[in-house]
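Some notes on the structure that comes next.
The values are calculated or read from the model by the stated rules, or taken from the named source; none is laboratory data. Fair warning: this is a prediction, and the values are worked out from it, not measured in the lab. Every residue, glycine among them, receives a Cβ derived from its backbone with ideal geometry; neighbour counts consider all protein chains shown. Remember, those area values only see protein heavy atoms, side chains included, never the ligands or the DNA or RNA. Shrake-Rupley method; radii C 1.70, N 1.55, O 1.52, S 1.80 Å.
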Amino acid sequence: MAATMVRAIDVGYMRLAGAANAFLIRGDDGHVLVECGPAATRATLFEGLRAVGVALTDIRHLLLTHIHLDHAGAAGHLAQHGAHVHVHPFGAPHLANPEKLLASTRRVHGSAYEPFYGDMAPVDVAHLHATTDDVEVRLSGRAWRALHTPGHARHHVVWLLEAGSERHAFMGDLAGIVVPDSDWLSVPTPPPEFEPDAWIASLQRVIEADPTHLWLTHGAGVARDRAASRRFLERALLRLRQERAWLEQVVSAHADDAQALDTYRAIESAHVRAAGMEAARLDVLLDDAFFRMNLAGARRAFAPREPRG
Ligand SMILES: [Zn+2]
């Protein structure tokens, strides 16, 4: 039964219920975990697995949508217990040697999120596997495909699990972030790899894949049939286009970062309020660090470029 085939495990990211999940799919020959949360919350993840009768050594495969630390930070620790880690080829070297990834995370977020990430362990290269786009692989007795889906990050993939008439899509950040205790779909556009056109094409690719279930790392199970999945993906597409328009407008109007931040926050807050959300609750995730990250991504994405030779 689908309801029990995928089990979401809340990793307690930022000490917020529902902020980030890992997904357990049991197999006959070890189990698969999609995402693992940051290194800082691995004890919560491990406890969540133990609570459903799963030993760490039974996790045979860890599938990552991308290497941002709230998705992949604990990968090295799981690999130490025997998990094989599957990740886009651009992401693999950074898991083997996480120094650059940690430095770039500090650059993007400043110190704001530092306590939420924790100490990453490198993944042993013998346990690292680079994904091939849209090629079926059998893992723990089930059929999986990684669709390469750039836009939020160049190394982002959406994992598709084929199970009879069902096709489960593990979306990573591609369909946005459902802010806990709200219905607001937030769109994270971090530097250096936010590419709005690629992101739109990636979402369209997932729509064409026609999933029956959607799992968001930040939001868990958001759709459990074909029609609901389609509706949610269309909504994500709409939000992405909307966010892109706001960001493009803000960065072109304000060369000054403080002014850009004020204007962007005002636009987003007005829409959040119009959607019936309490601004105070949303401040928890939509904080200044989040707005700054999105603006930095937009500055880079919308900067005039030299033609490539
Ligand atoms: Zn991300």
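Values as computed for the structure displayed
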read-out: Nearest-ten-degree value, helix 99-109 long axis tilted from longest Cα axis of the chain; value: 40 degrees
read-out: Rounded percent of accessible protein surface that carbon and sulfur make up, the chain, 1.4 Å probe; value: 51 percent
read-out: Total charge dipole magnitude, the chain, about the Cα centre, Cβ charges on Lys, Arg, Asp, Glu only, Debye to nearest 20; value: 280 debye
read-out: Contact order normalised by residue count of the chain, Cα under 8 Å, 6+ apart, percent; value: 15 percent
read-out: Hull shadow area, averaged, region 244-301 [alpha-carbon convex hull, nm²]; value: 3.8 nm²
read-out: Dimensionless Rg/Rh of the chain - Kirkwood Rh, Rg from C-alpha atoms; value: 0.95
read-out: For region 2-240: accessible area per residue (Å², 1.4 Å); value: 38 Å²
read-out: Computed FRET value (nearest 0.05) for A227 with A143, which takes r as the C-beta separation and R₀ as 22 Å; value: 0.40
read-out: Förster radius 30 Å - calculated FRET efficiency between D133 and L16 (Cβ-Cβ, nearest 0.05); value: 0.35
read-out: Surface accessible to a 1.4 Å probe, per residue, for the residues of region 244-301, Å²; value: 51 Å²
read-out: Residue with peak Gaussian network fluctuation, the chain [Cα springs, cutoff 10 Å], from E243, E35, E47; value: E47
